[in-house]
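Derivation of every value follows stated rules applied to the coordinates shown; laboratory data play no part. This is a predicted model, so every value here is computed, not measured. We place every Cβ from the backbone using ideal geometry, glycine too, and count neighbours over all the protein chains shown.
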Amino acid sequence: MAPRCVPQCSKFKWRDLVELSGDRSEFSQLSVVAHIDVNAFFAQVEQLRLGLSKEDPLVCVQWSSIIAVSYSARKYGINRMDTLESALSKCEGLKVGHTAVFKKGQSDWSYIDYLPSPKDHKVSLDPYRRESRKIMRIFKLRCSKVEKASVDESFLDLGNVVFQKLLELFPVLKNSLDKSFDDYLPEIPEELPEGLDFKGEVIRCPETDDQDGLVLQDWDDIVMLLASMEAHDIRKQIEKALDYTTSCGIGRVKTIAKLASGLHKPDNQTIIRNCAIDNFLNTHFKFTDFWGIGPKTSGIIKQRLLVPEEDSIGYIKENFTQEELELKLKDPQLATRLYQLVRGLYQEAINTRIDIKSMGSNKNFRGKSVNSVKDLIDWLPVFVGDLIQRLTELDEEQPNCIRRPKTVAVHLWSWNGAYSKQCTVPKFMDLFKLKEVISHEAEHLIKTFASTFDNSPVSLFPLRSFSLNLTSFEVISSKESIDKFVSSSKRNREEHIDSLFKSLGENTKSKPKVEIEEPKNGNITTFLKTRSQVETVTIAASSEDPQACPQCGSHIPEEEMVTHKDWHYAMELQKQLETETQPNNQPLTDVNYPPTSRKKAKLDKNQTRLPFFK
DNA sequence: TACTCACAG
DNA sequence: GGCTGTGAGTA
């Protein structure tokens, strides 16, 4: 049943609404963030690769341990703790997909049709990263700001797109004249426009909702409603284009959205209105569930605050002021964070471009499989190949911002201790050259290590673990146009806010201080604005116009050309995605897969298990 | 630069 | 629970 509106004086000001349209919308009082995670991601990837259906119970394995369990396999009581053997005993028809692997001595990974052994193989997570990037492309098409939290999770800032919808759907917002930033917003209307309703599961608010259903009181509730519709639509697009199901949480801040996304799995979403935050946190979670509060930190908190097992969030909220938390925890940063976390008020930035800081390739060795320098050197192509491959994909993803590592480090773990050594390398643009250098330096570092053990009573071998790391990434080339974009974009956004307010009939005297952070390259900051220009200005463009877009002919202000071209790029990508997608449930044919691996990846679709389990 | 720690999935 | 990955702190 559709929610009812019970209007009351709004708590929110025009400032809050306008901030929702800016590039720091996650800090607005009306902010809304979605957390989307792909259900049993590795299992879904393997299911598609093997041409199986969602109903086929499947596990993704690495050696003989299970790293992901499809939802249909969970029905048999299989979980990640099971060994492959016990999983197979629980489910007769269980399908098994092993991760792709590197073979010792080779620099590219592939899917193989036998059970690989850790003795001469290393796991490759590359296929999952590739699928992850496809999903990210869609997210980036649909909202102005996306933060990739991990290979299968992202945060989406839905503020901008909800702002747009608010203006479209509620004339009372669009037609208000002579408002200043400090005026309160009007009450919400008594009736919602036709067709508006929450999508997904809405957590109840005991104080305001009643037996007849959900009650909307203020604009933040409507923001959540619109966000739920938008998030649902984005998730359906992912499913249509790529065939992945997802779970999603929608809330005021990242931590709330993150907790919410886990509540209704798989393939559903959960909405936390601000009025429901307390009920949501208290009935479902302990303070240890917050992202970033690990075993160590929670141990300290428990000890210093004497937190009881039950109702730990309520306990912290009700018994300590922020000052008391600082006093007890002796860690002002943690105190502030905890104070805000338990109230659902911990507003964190959504980082769109997470600049890569390091990149590593590791492997643990078993027994005496690496018992000499030669054994280790034989493995080197795998580590180097892994890293170079990932650098290649990084370049492809951001062709106008090429990054290279300054240092190469090797880490070795023997049974006697851990050792590491690093050296600087030239920042070659050419990855073939860089590959040579990294191989050479890594080999040199390993040999240096080995020689220091020559006359030592302890031995480096058999080696327990090895890792090759690239660190201190620096930008070595960024296109001139991007630089221009960066320098002009701050002004752009100020103008953006100005023009918004003109459309709102703003009196510019009380213009708010909208903090403007330094921009991210290539990001579609003014996406919506640009889009509406494309739609309305197309015909006015002349072929003589030096500021005409070469692709659509629209007249585009010089400083917006980059953004505008990004938009074209995004649309092209979308087209590409749509044509790449098969209408039936066939596995995706990934044009990016190395030809060798692709051939091997094609397994018989009628096969119920990989051959080695027959 | 070398090493350790914390956290996450 | 083993494995893989990332970032921060410290001397």
Query raised in the report: Got a sec? How would A:K236, A:K328 order by Cβ neighbour count within 10 Å, fewest to most?
Result: A:K236, A:K328
**Report entry** Long-range HN-HN contacts of A:H98 with modeled amide H, under 5 Å
**Finding:** A:V61
Report task. Could you list the GluC sites (Glu not before Pro) in region A:156-237 that lie in coil according to DSSP, counting only those with at most 15 other Cβ atoms within 10 Å of their Cβ? Result -> A:E190, A:E191, A:E194, A:E207
Query raised in the report: Given region A:41-125, what whole percent of its Cα pairs are spread farther than 23 Å?
Result: 20 percent
Query raised in the report: Loop-only check: which trypsin sites (Lys or Arg not before Pro) in region A:72-175 are DSSP coil with at most 15 other Cβ within 10 angstrom?
Result: A:K75, A:R80, A:K119
